[in-house]
Amino acid sequence: MNEVLTGSILAAMSTGVGALPILFLKNTLTHRWKDILLAFTAGIMMAAVTLSLIPEALSYGGVLQLSIGLLLGVFTLTLLETTIPHIDLEHTLKGIEFDQKAMLIIAAITLHNIPEGLSVGVSYASDAEGTGNLIAFAIGLQNAPEGFLVALFLINQKINRIRAFFVATLTGIVEIPMALLGYYLTSIVSTLVPYGLAFAAGAMLYIIYKELIPESHGDGHETTSTYSFIIGLLFMIFLIQIF
């Protein structure tokens with residue numbers, strides 16, 4: 001019990017660790033560096049999807065479960081984008097306003113953290129020694145760029161850096177109760193895990209292709225962004241191979 005709690009907390013808090021650089025950026029990033037970082041994040045996410053989430057979904061289930069979960073993730077993100085209006089959170093966050101794109105990113109990251117939390121809990125409940133720690137590490141590794149992504153988008157919306165950091169950190173908190181739920185209800189959740197992992201993959205693929213790649217190619221820095229994407233992909237592959 002202590003192990004799953006510790007692992008889930010560390011994985012969830014990786015989102016906040018990824019958002020930490022936002023607090024120390026003295027000046028607004030140039031378009032070139034924003035594009036480079038967005039593309040680098042997209043590369044890391046792509047590697048996490050193709051080398052972690054999708055293979056895990058296939059190992060727990062099969063092509064049918066993967067297809068259903070992935071398409072459900074994409075459709076859910078599409079629905080969110082078309083239904084989430086401009087939201088004024090004046091009464092809850094002292095006048096901070098999130099536009100549709102920022103709300104989409106926050107909702108997407110929070111939603112796909114739910115099945116990730118479940119997968120951490122189920123992995124700790126399995127009989128394979130070290131599986132829980134491995135999955136928690138992998139989830140935490142991909143949570144870091146997600147935290148930076150959320151914080152970066154909020155900063156671009158002229159939101160205070162400290163508030164952006166805390167909002168980004170909170171998107172990962174949902175993994176903790178979900179991990180505990182997965183740990184205690186393994187017999188039930190195990191049948192849903194492939195769908196959940198595939199859902200997370202679909203949500204991330206939607207963000208990568210619909211948001212990150214277009215954003216990183218919109219200011220004339222396509223070549224540097226392309227290289228940054230590939231470097232991010234290789235960086236994640238390198239880490240996965242080491243650990």
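The values are calculated or read from the model by the stated rules, or taken from the named source; none is laboratory data. These numbers come from a predicted model, not from an experiment. With ideal geometry, Cβ positions are generated from the backbone for all residues, glycine too; neighbour counts draw on all protein chains shown. These accessible areas exclude ligands, DNA and RNA; they are computed on the full protein's heavy atoms, side chains included. Shrake-Rupley method; radii C 1.70, N 1.55, O 1.52, S 1.80 Å.
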(request) Identify the residue in segment 220-243 that is open to solvent by less than 70 Å² (accessible area, probe 1.4 Å) and not in a helix (DSSP H, G or I) and, among all such residues, is modelled with the lowest pLDDT. (result) Gly220
(request) Looking only at segment 22-81, count how many residues are under 27 Å from Glu222 (Cβ atoms) and over 16 Å from the mean Cα position of the chain (by Cα). (result) 14
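Could you pull out the residue among Gly73, Gly43, Gly18 that is within 13 Å of Phe199 (Cα to Cα), small (Gly, Ala, Ser) and either open to solvent by 20 Å² or more (accessible area, probe 1.4 Å) or part of a helix (DSSP H, G or I) (or both)? Quick ask: steps written out before the conclusion?
Values: Gly43 fails: within 13 Å of Phe199 (Cα to Cα); Gly18 fails: within 13 Å of Phe199 (Cα to Cα).
Only one candidate passes the filter, namely Gly73.
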(request) Mind listing just one residue for me: the one in segment 178-215 that is hydroxyl-bearing (Ser, Thr, Tyr) and in contact with a Gly (Cβ under 9 Å, 6 or more places away or on another chain) and, of those, farthest from Gly232 (Cα to Cα)? (result) Tyr184
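Could you tell me how many of the residues in segment 47-64 are open to solvent by less than 50 Å² (accessible area, probe 1.4 Å) and either assigned to a helix (DSSP H, G or I) or touching a strand residue (DSSP E or B) at 6+ places or on another chain (Cβ under 9 Å) (or both)? Let's see the steps before the verdict.
So in segment 47-64, the residues open to solvent by less than 50 Å² (accessible area, probe 1.4 Å) come out as 47-49, 52-54, 57, 61-62.
Then keep just the ones that are either assigned to a helix (DSSP H, G or I) or touching a strand residue (DSSP E or B) at 6+ places or on another chain (Cβ under 9 Å) (or both); that gives 47-49, 52-54, 57.
The qualifying residues number 7.
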(request) Tell me which residues, restricted to segment 138-177, are part of a helix (DSSP H, G or I), of a type outside the set (A, V, I, L, M) and open to solvent by 30 Å² or more (accessible area, probe 1.4 Å). (result) Asn156, Arg161, Arg163, Phe165, Phe166, Pro177
(request) Could you tell me which numbered condition Thr6 fails, if it satisfies all but one of (1) closer than 22 Å to Gly147 by Cβ; (2) touching a helix residue (DSSP H, G or I) at 6+ places or on another chain (Cβ under 8 Å); (3) modelled with pLDDT of 90 or more? (result) (2)
(message) Return the pair list, or none, for Cβ contacts closer than 8 Å from residues in segment 193-208 that are farther than 16 Å from Ala47 by Cβ and part of a helix (DSSP H, G or I) to residues that are among the basic types (Lys, Arg) and at pLDDT below 85, at least 6 apart or on different chains.
(response) none
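For Tyr209, state whether it is surrounded by 15 or more Cβ atoms within 10 Å (Cβ to Cβ) and either closer than 25 Å to Thr78 by Cα or basic (Lys, Arg) (or both).
Values: surrounded by 15 or more Cβ atoms within 10 Å (Cβ to Cβ): no; either closer than 25 Å to Thr78 by Cα or basic (Lys, Arg) (or both): yes.
For Tyr209, the condition - surrounded by 15 or more Cβ atoms within 10 Å (Cβ to Cβ) and either closer than 25 Å to Thr78 by Cα or basic (Lys, Arg) (or both) - is not met.
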